[in-house]
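A short worksheet on the structure shown next.
The values are calculated or read from the model by the stated rules, or taken from the named source; none is laboratory data. Keep in mind it's a predicted model, so treat the numbers as computed, not measured. Because the Cβ atoms are built from the backbone with ideal geometry, glycine has one as well, and the counts that use them run over all protein chains shown. Each accessible area value is taken on the protein alone, full model and side chains, heavy atoms only, with ligands, DNA and RNA left out. Shrake-Rupley method; radii C 1.70, N 1.55, O 1.52, S 1.80 Å.
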Amino acid sequence: MVGFRQLPRAFSGTVAACALGGALWVGFKPVGALPALGTLLDPARGVWAAARVAELPATQQLEIEGLTAPVDVRYDLRGVPHIFAKNGVDLARALGWVHARDRLFQMELTARKVEGTLSELAGTQTLPVDRQSRERGLAAAAKARWDALPKDAPTRVEAIAYFEGVNAYVRSLRPEEIPVEYKLLGATPRTFQDHEGYSLLAEMAQVLSWQSEELQRGAIEAMIGREATDALFPVNSPIQEPIEPVAGRTGPRFAPMRFPAPSVPDAKALAAAKRAERAHVRVALGPDLRARDPELVHGAPQSFTRGDAVVGSNNWAVAPARSASGRALLSGDPHLGLSLPSVWYEVHLVIEGELDVYGVTFPLAPVIPIGFNRDVAWTATNSGADVTDFYREVVDDSISPKKYQVDGAWRALTLREEVYRGKQGEVLATDTLRRTHRGPLLSTPEGWLSLRWTALEPSDEASALRSAMRATDATGWYRAMESYKSPAQNFLVADRAGTIGIRATGRFPIRPGDGRGDRIFDGSTAKSDWIGDWPLADYPQALAPAQGYLASNNQQPLDPSVRPRYLGWDWPTPWRAMRINEILRADAGMTPDKMRLAHTDPKSVLTDVVRSALRAAALARADLMDADANAALAYLEKWNGSFTPEEKGPVLFDALLNEVQRRTWDEFVIPGENRRVGSPSTMMLARLFEDVGSVWWDDRSTPNAVETRDQLLIESLKETWRATRARRGNEPEQWKWSDVRQASIRHLLQLPGFSREGLSVQSGPGTLSPNEGRGTFGASWRFVVELGDDVNAWGTYPGGQSGNPVSSRYADRVELWRTGQLAPLLMPRLSAELGPENLLSALTLSPAGGAR
């Protein structure tokens, strides 16, 4: 089948050694102090030893303490371990060992990130990250969830076995087997604790559910007024293509829009805007901004809007009636930060008669959050639900509070002293952390703010996922996930009977008053506290929809004209949702290959919206169109609208879109400082195109003139044409989109020699594979599953199974991912079914001492 390819066998050890040498020579950039050069270059124990252990042995037999029966691990040619065990505890122990062999450094880095001890591994450079992690309290929340598990809970028993497997590998390490990153840092691996799988899940909750934009919203309100802020950063998206289908609808709904005029800030308002902006930066980046990237600190507010977020996941499923094979199809495309090694590790887990599941895992946890068994397939996108709130607290001391006031009565703060240590155990810093009944208390330029966040409260995602892995149909899968709370996800499911379903699953808090959470609450009254959670029946959801397909792309899950209820605000733009729905509505004969092609579909709905506005402007104000404007418009008109790497039109289109936004939203610029407190999304710009004379088109820098939409667009055309020719060359036919839009997959320590940067990819504004230009976010895993009497599946991710930078399995999937291809995913029922033609390595793990 075109587009689905099998990868070649491994490279040689000689090539691996050369690659390591080149990486160290060209790309090494230390995170902390380097160890002695002689130690690094020791051929037996230093970094060069990585090449000698880069590849898996053809066969291997090992004993592991605690196993009750032998476990067969068969690695296929893509490096995927197929683990066959007799019971769940042995399976978990073996998976821990397998994870550690390929991803040990990544596992320790993740665990330390959550617990705030990176400085003990990497030195003072990571102290700001440690202080932020401890301040937010994720490690304590993860430990509390672990402690709440019954001692005999299967999740707990298997997690203990998993980390015993991890630690068995750590204890067995020979010097040459220690990952190269430890040697570069002058460190050695530590052992792991049983609860650290819950730390990993807490970190994913932070990645996917942390929000602090309501603080920045205060800066925007000070600049343009509350009414204008509500319009430009609304609770409800003005273009509706919801996750929960609306009966009888065959296209998106465009809600009526009004754009109130912005206010003009006086000196007091400007001071308030700057104060709110600093508060947002403080909360978003932590208590210690030293050693942070200055561009991040000063630029953070400019990325305020989530509307054009590039972390844009997609999933869609097709019922048998709309597939060419008469089988259900499911596709997953979660977008996360791109890294080497990848955030994911691919596995196939088998317990005869109990479990046969394939998918991607997070190294540090023995569950499969995205994958399939022989009956059900599942995947997820982020719901974008608002699950964090901030409260302005009244405290007894503005410098070092010990009490806070609620309903006129003083309550004692919970105080905890935190000590941060360096690589030699030396004390680097100490903090006094404070908590209210709501959560952590933070000192900010806006005063003392407490945080309430679902990620810090009781839940047990691991047990829910463990049960879901064993589901036999869509209904059973959702039943297993009823206890899942954080991070809230749009879980899409298909089963082999042909049922497809979707449900936004998680904890959705109910707030007092109008129910909105897009503002800072008054912490001095208990009336500001959450008053409950959404009941399961109210979650956005659909099962076996009449339209025969489902899709989610981070858009607002519910159309408020049908089900009005606050779930979040400033939703991502609908362009991806509109495009995939357009594809699925138009084709009643979907195939796996069509599903694959949609992952990197080069079209964006936004393109024609912008070009239509340009045509209208040129027609209405022909008197303003000079040679440059006409040349630019003609150049865009002959472009086919595709964001493929070799195309020329996207170069000008992207630059024009940025210029139009810069000119349109000048009201967000702090006078005299040439920086913005935020920027509305392209969805708002598209709706503003409909109002030719809106005051928002007026340029505040020209007080003696009042500009309209047409003037602004034509002037933007002229300026962009001139600037792009000056920057990209005076021959527009030589421009290439691949020179502008690329992907960069960086090593966990940001070591350039171990990274893959400047990759040409098919991506553009509003496409199903969005990219912000630097390309450090993107599709972290793409897969397609076809379910029936048997299961067919294809997938890939940007990286490889091994964390060893010189292994042939380190980045062997990057080219497949870059070009939008997928590899067949093998799912043998028995280890013997993985024949020599598909076998890379055979590992047998046996009980220690020959016990049975």
Where only protein heavy atoms count, and the probe is 1.4 Å, what is the accessible area per residue for segment 558-602 in Å²?
31
Cα-based equivalent ellipsoid of segment 508-572: semi-axis lengths in Å, sorted from largest, via gyration tensor:
29, 13, 9
Over segment 580-623, volume per residue of the alpha carbon convex hull, in Å³:
77
Apply the Kirkwood formula to the chain: the hydrodynamic radius equals the inverse of the mean of 1/r over all pairs of different alpha-carbon atoms; give it in Å with one decimal.
28.4
Give me the three principal axis extents of segment 585-707 from the C-alpha atoms, as integers in angstrom, largest value leading.
59, 35, 27
Mind putting together the pair-distance distribution for segment 778-852? All Cα pairs, 10 Å bins, whole percent per bin, short to long.
15, 33, 35, 14, 3
With θ taken as phi - 60° and the coefficients 6.51, -1.76 and 1.60, list the Karplus ³J(HN,Hα) couplings across segment 811-817 in order, rounded to whole Hz; mark glycine and proline as x.
9, 6, 9, 4, 5, 4, 5
Rolling a 1.4 angstrom probe over the protein chains, ignoring ligands and nucleic acids, what is the accessible area of residue 410 in square angstrom, nearest 10?
120
Note on segment 134-197: C-alpha Rg/Rh, Kirkwood Rh, two decimals, gives 1.08
Cubic angstrom per residue, convex hull over Cα atoms of segment 99-241:
183
With the crude spin-label approximation of a point 7 Å out along Cα→Cβ, what separation in nm comes out for residue 833 versus residue 700?
6.6
Taking segment 437-527, the whole-percent share of alpha-carbon pairs separated by over 21 angstrom is 48
Counting only protein heavy atoms and using a 1.4 Å probe, what share of the accessible area of segment 458-504 belongs to carbon plus sulfur, as a whole percent?
46
Run a plain Debye calculation on segment 179-251 (Cα atoms as equal point scatterers, no solvent) and give log10 I(q)/I(0) at q = 0.26 Å⁻¹, rounded to two decimals, same order as the q list.
-1.10
The convex hull of the Cα atoms of segment 343-470, divided by residue count, gives a volume in Å³ per residue of 191
Expressed to one decimal in nm², the mean projection of the alpha carbon convex hull of segment 621-691 is 6.8
Tally Lys and Arg at +1 and Asp and Glu at -1 over the other residues with C-beta under 12 Å from the C-beta of residue 350: what net charge comes out?
-2
First measure r as the distance between the Cβ atoms of residue 776 and residue 194, then evaluate 1/(1 + (r/R0)^6) with R0 = 51 Å and state the FRET efficiency to the nearest 0.05.
0.95
Which Rg and Dmax, in Å, describe the Cα atoms of segment 627-668?
12.0, 36
